[in-house]
Amino acid sequence: PALIAYVDDREHYQFVNRTYSDWFGSDASKFIGKSVKETVGNQAYRLISPLVEKALTGETVSVNAQLAYDQAGLRSVQINYVPDVSDDGTVKGFFSLVSDLTEAKRSEDLLRSSEERIALLMESVTDYAIISVNTDGIVESWNTGAERIFGYSFEEIVGRSGDVLFTP
């Protein structure tokens, strides 16, 4: 699922995997000899060029970024560049591993949004007790309505057993 490539010291591709073809809509062989800037586009290149420079000076680079690629669109990615250093210390190029985190990031954002909506809903309901307990029966969440009905504040009840509320 990751984009794997080898880029020489002139910033030209010498190898790309099939994921490059899928992302950029071109046969993998068409990338060979093509520059990184030409492939990713000006906007993405502006952001990754300092990372490329670091890799070409012998520094390993790892960073999360959101990049707008000309052909692949806006993507959240994990970028890893590992320099290829010869025995005499000369940097010949770098290995590139780019993981697409776009769907995972989108899922995280949706989950966070859902959690925020649930929290707002719980706080706005004051006529009913809304209580969340874990599988061990420990109270994890408690709304204003539950405070009003049962008399315990949030701080007093969260972390305690729900047995104090529902006695035999």
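Which value in deg cm²/dmol, rounded to the nearest 500, describes the helix-derived mean residue ellipticity at 222 nm for the chain, given -39,500 (n - 2.57) per DSSP H run of n ≥ 4 and division by the residue count? Present the calculation step by step, with values, prior to reporting the outcome.
Values: 6 runs with 61 residues, N = 168.
Helices in the chain give a 222 nm mean residue ellipticity of -10500 deg cm²/dmol.
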Entry for P(r) over Cα pairs in 10 Å bins from 0, in percent (calculated from the structure that is shown) out of (1) 9, 28, 17, 10, 12, 15, 7, 1; (2) 11, 41, 39, 9, 0; (3) 8, 26, 28, 22, 12, 4, 1: (1)
Taking the chain as the reference, fit the longest principal axis to its C-alpha atoms, fit the long axis of helix 102-124 to the helix C-alpha atoms, and give the angle between the two in degrees, 0 to 90, nearest 10. 20 degrees
Give the angle, between 0 and 90 degrees and rounded to the nearest 10, that separates the Cα long axis of helix 42-56 from the longest principal axis of the Cα atoms of the chain. 70 degrees
Please identify, among S21, S124, S96, the residue showing maximal mean-square fluctuation in a Gaussian network model of the chain using a 10 angstrom Cα cutoff. S124
What are the aspartates and glutamates whose alpha-carbon lies under 15 Å from the alpha-carbon of K54, with same-chain residues fewer than 8 places away excluded? D8, D9, E11, D84
Across G137, G145, G89, the residue with the highest GNM fluctuation in the chain (Cα network, 10 Å cutoff) is G137
Base-10 log of normalised Debye intensity for the stretch 37-130 (one unit scatterer per alpha-carbon) at q = 0.19 Å⁻¹: -0.91
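Viscosity 0.890 mPa s, temperature 25 °C: give me the Stokes-Einstein translational D for the stretch 2-74 in µm²/s, with Rh taken as the Kirkwood radius over C-alpha pairs. Working shown, then result.
Values: Rh = 12.6 Å.
Roughly 195 µm²/s, to the nearest whole number.
Every number here is computed from the coordinates shown, using simple stated rules; none is lab data. In this text, all values refer to a predicted model and were calculated from it rather than measured experimentally.
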